[in-house]
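The numbers here are math on the coordinates, done by the rules we state, and not lab data. Source: prediction; values computed, not measured. Note that we place each Cβ from the backbone using ideal geometry, even for glycine, and neighbour counts take in every protein chain shown.
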Amino acid sequence: MPDFATFEQYYKLADQLIERSSKEDIAGMARLLAINVAHYQSQYGELPLEDTLTMISTNMPNEAQIKMVSDGLEILVGVLGTVASGIGEKRH
């Protein structure tokens, strides 16, 4: 069974990182995630966006939905943390 406490922790951490991030950091994160989605789609086909939108708006998520959202938040936190910390930026 997915751990709802883990989901809540990632959700709170994502909110904290978003609050501390600049507009440029958020834009960088969005670009990296868009590239990852595009790569996934080129390998496995188009993502069913309507299913995802329905899932995130539900009040009573099932176990699979909790797991998927937790995994997504973990990715979001990792990418935003990387972008915000400047890892991979060219140093002058």
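Some values worked out for this structure:
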{"read-out": "At least 30 Å along the helix axis (C-alpha) and Kyte average at least 0.5, DSSP helices within the chain", "value": "63-85"}
{"read-out": "GluC sites (Glu not before Pro) restricted to DSSP loop in the range 1-82 with at most 16 other C-beta within 10 Å", "value": "GLU46"}
{"read-out": "Percent RCO, i.e. relative contact order, over the chain, from Cα pairs under 8 Å lying at least 6 residues apart", "value": "58 percent"}
{"read-out": "Computed helical MRE - 222 nm, the chain, DSSP H runs ≥ 4 contributing -39500 (n - 2.57), nearest 500", "value": "-25500 deg cm²/dmol"}
{"read-out": "Fully extended contour minus Cα-Cα distance, from SER85 to SER42, at 0.36 nm per residue", "value": "12.6 nm"}
